[in-house]
Amino acid sequence: MPRRSRRSPGIGPAMAQRILTWREEHGGFQAVEDLLEVSGIGDARFAELRDRVRV
């Protein structure tokens, strides 16, 4: 069942889809730092998101 998510800065529809695809392919996120493995999330974007997301 799809999860509802809150909007986060810098996360548009394309990035949201990449995050969902990564989660499906890897069986979920074990740590917030796993977001760094998603294409398009680098250090700067991760710094913006780190305190806004949880696993």
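The values are calculated or read from the model by the stated rules, or taken from the named source; none is laboratory data. Fair warning: this is a prediction, and the values are worked out from it, not measured in the lab. Cβ: placed from backbone, ideal geometry, glycine included. Neighbour counts: every protein chain shown. Surface areas here come from the heavy atoms of the whole protein model, side chains and all, with no ligands, DNA or RNA. Shrake-Rupley method; radii C 1.70, N 1.55, O 1.52, S 1.80 Å.
Rg/Rh, computed from the Cα trace of segment 10-55 with Rh as the Kirkwood radius, has the value 0.91.
Ignoring trypsin sites (Lys or Arg not before Pro) that are buried or in helix or strand per DSSP, and keeping those with at most 15 other beta carbon atoms within 10 Å, what is the longest stretch of the chain between them? Counting at most 15 other Cβ atoms within 10 Å as exposed, the longest clean stretch of the chain is 8-53.
Rolling a 1.4 Å probe across the protein heavy atoms gives the chain an accessible surface of 82 Å² per residue. If only the Cβ of Lys and Arg carry +1 and only the Cβ of Asp and Glu carry -1, the dipole of the chain around its Cα centre is close to 400 debye. The helix-only estimate of mean residue ellipticity at 222 nm for the chain, built from DSSP H runs of length n ≥ 4 each weighted as -39500 (n - 2.57), is -11500 deg cm²/dmol after division by the residue total.
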